[in-house]
Amino acid sequence: MRRTLAPALLLSALLGAPHTPAAASESSYSPYAAIARPSRLLWGDTHLHTSFSTDAFGFGVRLNPDTAYRFAMGEVVTSSWGQRVRLARPLDFMVIADHAESLGIMQRVQDGDSALLRDDAAANWNRMLHGTPAQQAEFSAYFRDGQQRRAIFRKLTGLATPDLQLDIWRELLSTGERHNRPGQFTALFGYEWTAAPQGNNLHRVVLFRDGAER
């Protein structure tokens, strides 16, 4: 009994000791809690794909960045499947986060970029995209087959020269700046980094805080 009495008395003394609230101390536990923050709720999209993403293009998306921005700002646009559509409420901000790898290359193939169409595969895709409904359906079927889809990605990555990718990236920046409306609509810049080691999805959306001038 004597062995447990002293610890018991010590515990009782500790429990009964005066308690000093953390708020009363000079150092603050959370120095940012009292800082005023904007309280306006904004609505936006930080992960939008357009026809500049190869996978989105392969699965039927035909809306380019310009059309995507107009849609986000509340304009009526024609969807990839032919319907006239409009958001019930315009967005306050948006990030077009197309895949960095082979960015915009398939769109350029469809547009008939002469340098790209020197490649036999690219020229064939261009003919299919502008061909009969059956040929267009055949093109789309490529993307439902994993092996063929990977082969297309490898081909497009090979066609994506640094100069061409820089030209497409600058086109994206220019389009965003054209639609940016300070205080009304913010066009944020970004892209999706598409890593998939051993088939694991490690995709990450990268956002920039600066404008096109940086």
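Read the figures in this text as sums done on the coordinates, not as results from a lab. Just so it is clear, the structure is predicted and the values come from calculations on it, not from any experiment. Note: ideal-geometry Cβ built from the backbone for every residue, glycine included; neighbour counts use all protein chains shown.
General remarks:
- Ranked by the mean number of other Cβ atoms within 10 Å of their residues, highest first, the peptides 93-103, 63-73 come out as 93-103, 63-73.
- Other residues with beta-carbon under 14 Å from the beta-carbon of His49 carry, at +1 per Lys or Arg and -1 per Asp or Glu, a net charge of -4.
- Amide H within-cut-off set for Tyr191, under 5 Å, with H built and near neighbours excluded: Val206
- Between segment 63-114 and segment 143-214, the Cα center-to-center distance that results, in Å: 13
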